[in-house]
Amino acid sequence: LLADPQWQAYVVFPSEFAAPERVVHEVHDTISAQGKRPLFIVLDGTWDEARKMFRKSPYLDDLPVLSLQPAQLSRYQLRRAQRADHLCTVEVAALCLALAGESHAAQVLDAYFDVFTNHYLAAKRLVPVDADDADHQRLQGLSGQCSATP
């Protein structure tokens, strides 16, 4: 896919770890100007692992680095991040979907993330899950909006 001309690949990673000339903050200009679809490469792992993958993967060296500018801090609660502005993988994926114009898919993924977090924390605390809470209702509302496409 990296060599396929219909795709524009981006390594999604914080700008502080990349050379400034590689960093971009938007994908819409590339999509419309060149007719290419975005291909997001998200390095999944701890921050230390992700930095190693970024540094030690020479096939990524020529790709632009998409540095996300989230409007909010990470909501990830399952482990402590080294920095509050570093996002977890699913938060990054939701932002990438939104940047690619897939806002409904981004909202659904974001809602699933909240529901998953609630279930995980409830299980950890040995308390029952409230399937009627605001997060579950948000996900149900968004899931009801899904339309079947052939």
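Please identify the pairs in which a residue from the stretch 10-39 that is open to solvent by less than 90 Å² (accessible area, probe 1.4 Å) has its Cβ atom under 7 Å from the Cβ atom of a residue that is at pLDDT below 80 and part of a helix (DSSP H, G or I), counting only partners at least 6 apart or on another chain.
Lys36/Thr30; Pro38/Ile31
In the list Ala94, Ala98, which residue meets the criterion of being closer than 27 Å to Gln69 by Cβ and either open to solvent by less than 40 Å² (accessible area, probe 1.4 Å) or modelled with pLDDT of 95 or more (or both)?
Being closer than 27 Å to Gln69 by Cβ and either open to solvent by less than 40 Å² (accessible area, probe 1.4 Å) or modelled with pLDDT of 95 or more (or both) holds for just one of Ala94, Ala98, which is Ala94.
Given the conditions (1) at pLDDT below 90; (2) surrounded by fewer than 17 Cβ atoms within 10 Å (Cβ to Cβ), which single one is not true for Leu87?
The single condition Leu87 does not satisfy is (2).
Checking Pro150 against (1) at pLDDT 95 or above; (2) more than 17 Å from the chain's Cα centre (by Cα), which single condition isn't satisfied?
(1)
If I ask for residues that are modelled with pLDDT under 90 and loosely packed, with under 12 Cβ neighbours inside 10 Å, which ones from the stretch 46-57 would you list?
Matches in the stretch 46-57: Thr46, Asp48.
Test Arg79 against the stated conditions and say whether it is modelled with pLDDT under 90, of a type in the set (D, E, K, R) and more than 26 Å from Ala19 (Cβ to Cβ).
Yes; evaluated as a whole, the condition is true for this residue.
For every residue, the table says whether it meets (1) modelled with pLDDT under 90; (2) out of contact with any strand residue (DSSP E or B) (no Cβ under 6 Å at 6 or more places or on another chain); (3) surrounded by 17 or more Cβ atoms within 10 Å (Cβ to Cβ).
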{"residue": "Tyr59", "(1), (2), (3)": "no, yes, no"}
{"residue": "Val65", "(1), (2), (3)": "no, no, yes"}
{"residue": "Arg83", "(1), (2), (3)": "yes, yes, no"}
{"residue": "Val129", "(1), (2), (3)": "no, yes, no"}
{"residue": "His136", "(1), (2), (3)": "no, yes, yes"}
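The values are calculated or read from the model by the stated rules, or taken from the named source; none is laboratory data. Only a predicted model underlies this, so the values are computations on that prediction, with no experimental measurement involved. Here Cβ is always computed from backbone atoms with ideal geometry, including for glycine, and neighbour counts include all displayed protein chains. Heavy atoms of the whole protein, side chains included, go into the accessibility calculation; ligands, DNA and RNA do not. Shrake-Rupley method; radii C 1.70, N 1.55, O 1.52, S 1.80 Å.
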